[in-house]
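The values are calculated or read from the model by the stated rules, or taken from the named source; none is laboratory data. Because the structure is a prediction, the values reported are computed rather than measured. Accessible surface is based on the protein model in full, side chains and every heavy atom, while ligands, DNA and RNA are left aside. Shrake-Rupley method; radii C 1.70, N 1.55, O 1.52, S 1.80 Å.
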Amino acid sequence: MALSKNRIKYIHSLEQKKYRKAEGVFLAEGPKLVGDLLGHFACTLLLATPAWLSARPRPQAEEIIEVSDDELARASLQCSPQEVLAVFRQPAENGDATLPVRSLCVALDGVQDPGNLGTIIRLADWYGIEHIFCSPDTVDVYNPKVIQATMGAIARVSVHYLPLPELIKAVSPHAPVYGTFLDGQDIYAQRLSDTGLIIMGNEGKGIKEETEKLVTHKLHIPNYPTGRPTSESLNVAIATAIVCAEFRRQASSL
């Protein structure tokens, strides 16, 4: 089957949230990412070069189109497309607001940068955190830049959208609610739980006031040495990595 102009137009439309939402799909590109997602999400359309298709068993997809490198470049959203592009169905939303009572979860309050969200999903996967809760104004998890930045971790980490105060009220007082603040307590001097909710805020504004009021444990990542003039704050993805690492370090030392 030849790659039509309409197919290319459809793929390009998925760069916009309204079309992704209307179709209930998302886009992934590259052999590593597409390979990780096949089998986890239903594939509706797959474009691949002859070399990619011949190197593996025929993938499960509703439609497969063999394309040349030039055709793939016309369809791709990437500057340097690689071998394969796929459209997957978004999974049904089934977030359970009581999850932080039983496990350690991350919540994101207005994170806007796609790269930050994708990186946070990837590091959550690394630290065995299977659920991330996002405020409605957090960047769409199915943004192609987010999907690419997850490096396949989106197959193992579930991302849910709901108002965070609603989530916190559902779990409190049965689970601790942590948040990072400049006036919080030194994270390395606190006893941290192996269950609960870790809230990370917007890149510029931090955690919203209405959410902050419901935080039960305010944490701070100290700079070194204490009192030395330094940057105003850490990137939210880097801060999330530091916080999650300390939670897991304490859990493994018990």
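What is the Cα convex hull volume of region 52-191 when expressed per residue in Å³?
So the per-residue Cα hull volume is 160 Å³.
Kindly give Rg over Rh for region 205-254, based on alpha-carbon atoms, with the Kirkwood expression for the hydrodynamic radius. Show your work: numbers first, answer last.
On the way: Rg = 13.2 Å, Rh = 13.1 Å.
Ratio of gyration radius to Kirkwood radius for region 205-254: 1.01.
Go from 0 up to the bin containing the longest alpha carbon distance in region 150-209, width 10 Å each, and give me the % of pairs per bin.
For region 150-209, the pair-distance distribution reads 16, 42, 37, 5.
Counting pairs of alpha carbon atoms under 8 Å apart in space and at least six apart in sequence, what relative contact order in percent does the chain give?
Values: 459 pairs, mean separation 48.1, N = 254.
The value is 19 percent.
Pairing the Cα long axis of helix 114-126 with the longest principal axis of the chain, what angle in degrees results, from 0 to 90 and rounded to the nearest 10?
Taking Cα atoms only, the helix is inclined about 70 degrees.
Using Stokes-Einstein with the Kirkwood hydrodynamic radius over Cα pairs, what translational diffusion coefficient do you get for the chain at 10 °C and a viscosity of 1.306 mPa s, in µm²/s rounded to a whole number? Provide the component values of the computation, followed by the final result.
On the way: Rh = 19.6 Å.
Rounded, D is 81 µm²/s.
Hey, can you find the accessible area per residue of region 73-174 for me, probe 1.4 Å, expressed in square angstrom?
On the way: 4340 Å² over 102 residues.
With the other protein chains kept in place, region 73-174 gives 43 Å² per residue.
Which percent, to the nearest 5, of DSSP beta bridges fully inside region 1-96 are antiparallel? Numbers along the way, then the final one.
Details: 10 of 14 bridges.
The antiparallel fraction comes to roughly 70 percent.
Can you give me the angle between helix 236-252 and the longest principal axis of the chain, using Cα atoms only, in degrees from 0 to 90, rounded to the nearest 10?
70
Report the antiparallel proportion of the DSSP beta bridges in the chain as a percent, rounded to a multiple of 5. Write out the running numbers ahead of the final one.
Numbers: 11 of 36 bridges.
Here the share of antiparallel DSSP bridges comes out near 30 percent.
Calculate the translational D of region 126-254 in whole µm² s⁻¹ from Stokes-Einstein, where the hydrodynamic radius comes from the Kirkwood formula applied to all Cα pairs, the temperature is 20 °C and the viscosity 1.002 mPa s.
On the way: Rh = 15.9 Å.
Translational diffusion coefficient: 135 µm²/s.
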